[in-house]
1. Just for the stretch 512-535: of the residues that are of a type outside the set (Ser, Thr, Tyr) and touching a residue at least 40 places away in the same chain (Cβ under 8 Å), which one is surrounded by the fewest Cβ atoms within 10 Å (Cβ to Cβ)?
2. Select from the stretch 393-412 the residues that are of a type in the set (Asp, Glu) and part of a strand (DSSP E or B) and write down the one among them that is nearest to Ile441 (Cα to Cα).
3. Which residues, taken from the stretch 352-375, are crowded, with 21+ Cβ neighbours inside 10 Å and either closer than 10 Å to Ala444 by Cα or more than 35 Å from the chain's Cα centre (by Cα) (or both)?
4. Select the strands (runs of 3 or more DSSP E) contained entirely in the stretch 438-550, then report the ones holding at least 2 residues which are closer than 23 Å to Ala377 by Cα.
5. Can you run down the residue pairs with Cβ atoms below 9 Å, 6 or more apart or on separate chains, where the first is in the stretch 256-270 and assigned by TED's automatic domain parsing to the domain that holds Val246 and surrounded by 13 or more Cβ atoms within 10 Å (Cβ to Cβ) and the partner is in a helix (DSSP H, G or I) and of a type in the set (D, E, K, R)?
6. Which of the residues belonging to the stretch 46-60 are over 16 Å from the mean Cα position of the chain (by Cα), acidic (Asp, Glu) and part of a loop (DSSP other than H, G, I, E, B)?
7. Do we find a residue being within 11 Å of the chain's Cα centre (by Cα), surrounded by fewer than 19 Cβ atoms within 10 Å (Cβ to Cβ) and in a strand (DSSP E or B) anywhere in the stretch 108-128?
8. If I filter the stretch 326-348 for residues that are under 25 Å from Ala154 (Cα atoms), surrounded by 12 or more Cβ atoms within 10 Å (Cβ to Cβ) and of a type in the set (Asp, Glu), do I get at least one hit?
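The values are calculated or read from the model by the stated rules, or taken from the named source; none is laboratory data. For clarity, every value in this text was computed on a predicted model and none was experimentally measured. With ideal geometry, Cβ positions are generated from the backbone for all residues, glycine too; neighbour counts draw on all protein chains shown.
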Amino acid sequence: MLRALTVKDVATIESCSLEFGPGLTVLTGETGAGKSLLVDAIGLALGDRADSELVRAGSRKAVVSLSADVSADEALRRLCDENGVEVEDGEVVIVREVTAEGRSTVRINGRLASVGVLRQIGAELVDMHGQHDHQALLDVERQIVFLDEWASDADLRMSVGLRFAEAEGVRRRLASLRSDRRDVEQRVDMLRFQVEEISGVGPVAGEFEELEARISRLQHAERLVTGASEALEALSEGEGSAMERVSGAVRSLESLASLDPGIERVLDPLRDSLFSLEEAVRRLGAYAGELDMDPAALEESAARLDALKRLRKKYGEDETAVIAFLERAKDELALLEESGSSEEELVAALAATESALMKEAGALSKVRARAAKEFAASVTKHARELAMEKAEFEVRISPKPVEADGADAVEFYFSANPGDPPRPMAKVASGGEISRIMLAIKVASAGRAGVPTLVFDEVDSGLGGRAAAVTATKLQQLARYNQVLVISHLPQIAGRADTHFRIEKGERSGRSSTSVVELEGDARVLEVARMLAGEKVGDSALANARELIG
């Protein structure tokens, strides 16, 4: 569940913060006030493409911060853990910055992350529907997930996925075993040589530069020792050294301090200088004592540097790359050496695994076939109540080769007009229809599974009267199971809100500026009345608004 959103310097939004609660949150405001900018900001925080056009004119960067409570979502916490995101106190905080030059940075719980990781986590946090890019309903690959959520048999689908992965592993081992034996042996010999060569040197990340520095010291050791000795002579050991002179000056002035306390102003920096000289002499002495003039050490360091150069030339540009090459070579070598297992054993193992896979995939297909008609009927019913009286929604299942998600290809078909045969949803549904079909699916599936937070934009497009009231009721029903955020122009929907924000555009310092205000009490009644009657709000509109709010 989303907790809070902070937006800074995004288009006309200079700065605003929203705290979300559970249930239904509604954002209202005049057309052009900037309601969709908040949806854009959420999308940016979930991994949408970073566009420099979003940065407020004259600002250096746009910043969006989105926090979410994931304490009750074990799967999402596991996804965070798999991607190296540490979750403390059940909270995930995403910060996305976009510079005026178009550069983007992502931090999740304070650590830098890739946009790819952000999109994975974002897809499990929020579903966004309407005029934006997060339209999972149009993705044929995702449609099977909606049906499975309805069927409520996640364990069987997971079992099929694990069995498929097991079968794929056996297939790879068998294919490796059956490949040309000569090529395999040659490859094994090469890999063994590479592993032994790299392991024999044992490179350590960053040691190349350290060796170069050491060799330079060894090559110039005599000069360094002489220079250090001369410096020590001048500083402390020779007659009239710097320390002797400064010490003498300090003693002379200290003898005068009783005559004029003002001399202390001179003594303080002199004493500091003396202390610094003593520290410098100590360090210089230690440095001179560590200098090594051993020719054998120079020869040994030069030989190791040459060995690292050879490894770099053959296996990578630096020690880190060479070490990575070594790990890949070890993995491949282990795989090839394992291919020495009996082919008969692998054939038998594959047959057993495939048999179990086909059995479980068949069971999953039966579950889907039973669920498809009931799911389609329920979605059609809800869609017709959402001002699509002639809507037809179908779930078509066709067989396919078994994969991790089973042996079924699932696609949604849709028709909004009488006489038009249903066609693939991605080809026929408009933006407003997509949002309403998604709402119908989510209401039908409420309480079964899915992403915890839903954002609807344009869900009320073209609605009025009874259809608007029905939409409000369905959103309220859905909000019992999910956190729901809706941008709406309908007073019927605004009246059902658990949390209500008004988006306003004004002028600040001669520039357009969008602000967000949470409405409560009389302010909320006035906003709903304005949505009912326009700017001239009378007693009847206020009474009607109070009735809608309840």
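1. First pass over the stretch 512-535, keeping only residues of a type outside the set (Ser, Thr, Tyr): 516-535.
Next, only the ones that are touching a residue at least 40 places away in the same chain (Cβ under 8 Å) stay: 516, 518, 527, 531-532.
Values: Val516: 22, Glu518: 14, Glu527: 22, Met531: 22, Leu532: 20.
For the stretch 512-535, the residue satisfying everything is Glu518.
2. Applying the filter and picking the extreme gives Glu394.
3. Once the filter is applied, which keeps residues that are crowded, with 21+ Cβ neighbours inside 10 Å and either closer than 10 Å to Ala444 by Cα or more than 35 Å from the chain's Cα centre (by Cα) (or both), the stretch 352-375 yields only Phe375.
4. In the stretch 438-550, 453-457 are the strands (runs of 3 or more DSSP E) which contain 2 or more residues that are closer than 23 Å to Ala377 by Cα.
5. Correct list of pairs: Ala257/Glu264; Ile263/Glu254; Leu267/Glu254.
6. Selection gives Asp51 alone.
7. Yes: the stretch 108-128 contains one or more residues that are within 11 Å of the chain's Cα centre (by Cα), surrounded by fewer than 19 Cβ atoms within 10 Å (Cβ to Cβ) and in a strand (DSSP E or B).
8. Checked the stretch 326-348: no residue is under 25 Å from Ala154 (Cα atoms), surrounded by 12 or more Cβ atoms within 10 Å (Cβ to Cβ) and of a type in the set (Asp, Glu).
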